[in-house]
Amino acid sequence: MKRLLPFLLLTLFIVSCKSKKTASNKSRQTHTVKVNTTAKPTPEAENIVKYAKTFDGTRYKYGGTTKSGMDCSGLIYTSYKKYDVDLPRTTSGLKGTGEWVDLKEVNVGDLVFFATNKNSRNVNHVGIVTNVRTGNVEFLHASSSKGVMISSIAEKYWYFSFVQARRVL
């Protein structure tokens, strides 16, 4: 019996480790996003994105527009305002601004919109495209749980939440 107990504990440990690996692989499943990587961003768009990235790590604050806290539309509003581009302050105002762009044609500085509420296609979140490369579009946004951060549309959550992209420059 004393010899059997360590063997059983070791077996239980090995089995539990394997099940955790399988679960984490499913939650990180990614998708390929087809994009045109030949188009170059405008210098104005690059400057706006560079300024927006200075807010990376800023905590989330509903209605916020400063380094002490900001929400997703506040990030967009503040970043574009720095370069004298006046945009609506809210996500609902932003979703009708500029020209609609196919996801395949997005470029740095374009806005990407998401519907993150379960069973709804109503836009309630916005980000700014920071990088476009083969199979992936990265964007900066203000997450209510993690603050301002860069995410990828190839991530399962964002891939299925994506609604539209718009060009405002």
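The values are calculated or read from the model by the stated rules, or taken from the named source; none is laboratory data. Not measured: the values here are computed from a predicted model. Because the Cβ atoms are built from the backbone with ideal geometry, glycine has one as well, and the counts that use them run over all protein chains shown. We work out accessible area using only protein heavy atoms, side chains counted, and drop any ligands, DNA or RNA first. Shrake-Rupley method; radii C 1.70, N 1.55, O 1.52, S 1.80 Å.
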Taking region 138-167 as the region of interest, how many residues are among the charged types (D, E, K, R) and within 20 Å of S92 (Cβ to Cβ)? 2
Could you tell me whether S73 is at pLDDT 75 or above, under 17 Å from the mean Cα position of the chain (by Cα) and of a type in the set (G, A, S)? yes
In region 38-65, residue nearest to S145 (Cα to Cα) [restricted to those that are of a type in the set (A, V, I, L, M, F, W, C) and either at pLDDT 95 or above or open to solvent by less than 10 Å² (accessible area, probe 1.4 Å) (or both)]: F55
Pairs only if they're at least six apart or on different chains, beta carbon under 8 angstrom, first in region 30-53 and in contact (Cβ under 8 Å) with a residue 24 or more places away in the chain, second of a type in the set (F, W, Y); list them, first residue then second. T30/Y159; H31/Y159; V33/Y159; E44/Y83; N47/Y83; I48/Y80; I48/Y83; Y51/Y83
Single residue of region 27-37 satisfying the filter (open to solvent by less than 70 Å² (accessible area, probe 1.4 Å) and among the β-branched types (V, I, T)) that is nearest to N124 (Cα to Cα): V33
